[in-house]
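Here's the structure we're looking at; comments come further down.
Quick note: the coordinates plus some simple rules give every number you see, no bench work behind them. This one's a predicted model, so the numbers in the text were calculated from it and none came from an experiment. Because the Cβ atoms are built from the backbone with ideal geometry, glycine has one as well, and the counts that use them run over all protein chains shown.
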Amino acid sequence: MPKTPRKMTNLQRIALIQDVIEKEIRPRLQSDGGDIELIDVDGKRVIVSLRAMCVACPMSEVTVKGIEEKLRELVSEDLVVEAA
């Protein structure tokens, strides 16, 4: 999936973030018994909530960083992912 141009509307950016979560991130988490929910997008901040096995996982901070890296790669380099 090629990186999109920098000029996106808020709706386009949110839709792309949702698409990447659904197609790239969620399947990987679900294969390990976890899940993710997109809570909000506030400017460059992407707020997510880890679900299922990811909630109690001691590696959840690493998981959030991995999600941030994937979204920066496929959506926009300036996104910051935070766990709710």
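Okay, here's what the table says:
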item	result
FRET efficiency for Ala52 and Asp19, using Cβ-Cβ distance with R0 set to 25 Å, rounded to 0.05	0.75
Estimated distance in nm for a label pair at Met8 and Ala84, the labels positioned 7 Å out from Cα along Cα-to-Cβ	2.0 nm
Positive-end residue, the chain charge dipole about Cα centroid, Cβ charges, pick of Val62, Ala15, Ile39	Ala15
Percent RCO, i.e. relative contact order, over the chain, from Cα pairs under 8 Å lying at least 6 residues apart	33 percent
DSSP-defined beta bridges in the chain - what % are antiparallel, rounded to 5	65 percent
For segment 35-81, alpha-carbon Rg over 2.2 N^0.38 Å	1.12
Projected label distance in nm at Arg72 and Arg28, using a 7 Å step from Cα toward the beta-carbon	1.4 nm
Reduced Cα scattering model of the chain, Debye log10 I(q)/I(0), q = 0.22 Å⁻¹	-1.02
